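Structure first, then comments.
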Amino acid sequence: MLDGMPDATMRDLAGRRVRIVERGTGDAVVVLHGWGGRIESMAPVIDCLSQAFRVIAVDLPGFGASPAPEQAWGTPEYAGFVAGVVGDLGVDPADLVGHSYGGKTALWLAATRPELVTRVVAVDPSGLRRAPDARTRLRRAAS
C-alpha cells in the first residue's frame with residue numbers, strides 16, 4: 001500500500017499485474033494519471049467523482065506500484081492496456097478522465113476504439129499543439 005490510497009489493491013487486468021482503486025457506484029469513469037504519476041496524483045479527482053460515479057483508477061504499467069512492461073511502451077500500447085482494463089471490468093463504454101499523458105492516452109483510445117468510450121475529459125493533455133496564431137503563420141510564410 002502506498003500512502004493516500006489504503007483501498008488500492010493489486011489485480012490481474014489486461015494481462016498485467018496492476019494496482020487499482022475502485023470507488024463509488026453508477027456509470028463508469030476511468031481516471032488516468034500523467035507520465036511519472038500514480039493513482040495518488042489523481043486523488044482529488046477520484047474523491048470528487050466517486051460521489052456520483054463508479055471510479056476506476058490504475059497505476060499504469062511502469063508507474064506507482066504497477067510493474068513496468070518488458071519493453072518500452074508508447075501511446076498505442078498504453079491505450080490498448082486501458083482498452084483491456086475496460087473490457088476485463090465489463091465497463092465499456094466508459095467515460096475517461098486523463099491528465100497530461102493520461103489525457104493523451106484517453107484521446108488516442110477514443111479515436112481508435114470509439115465503441116469503448118462515451119466521453120473524454122482531457123486535462124492539459126500532452127502531445128497536442130495549438131494552431132499557430134496569425135503572427136506566427138505570417139512569420140513562417142515570410143521565411
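When the test is whether a residue is touching a His at 6+ places or on another chain (Cβ under 8 Å) and among the small types (Gly, Ala, Ser), Ser126 does not pass it.
Scanning segment 25-61 for residues that are open to solvent by 40 Å² or more (accessible area, probe 1.4 Å) and of a type in the set (Gly, Ala, Ser) yields a count of 4.
When only residues in segment 85-106 that are assigned to a helix (DSSP H, G or I) and more than 15 Å from His33 (Cβ to Cβ) count, which is most open to solvent (accessible area, probe 1.4 Å)? The selected residue is Asp88.
Of all residues in segment 32-84, those that are at negative phi, touching a residue at least 24 places away in the same chain (Cβ under 8 Å) and part of a loop (DSSP other than H, G, I, E, B) total 17. When residues in segment 12-54 are screened for being among the basic types (Lys, Arg) and either within 21 Å of Pro93 (Cα to Cα) or in contact with a helix residue (DSSP H, G or I) (Cβ under 8 Å, 6 or more places away or on another chain) (or both), 4 of them pass.
The values are calculated or read from the model by the stated rules, or taken from the named source; none is laboratory data. Being a predicted model, the structure only gives us computed values, none of them experimental. Quick reminder, even Gly has a Cβ in these numbers, built from the backbone with ideal geometry, and neighbours come from all protein chains shown. Side chains are part of the model used for accessible areas, which takes the heavy atoms of the whole protein and leaves out ligands, DNA and RNA. Shrake-Rupley method; radii C 1.70, N 1.55, O 1.52, S 1.80 Å.
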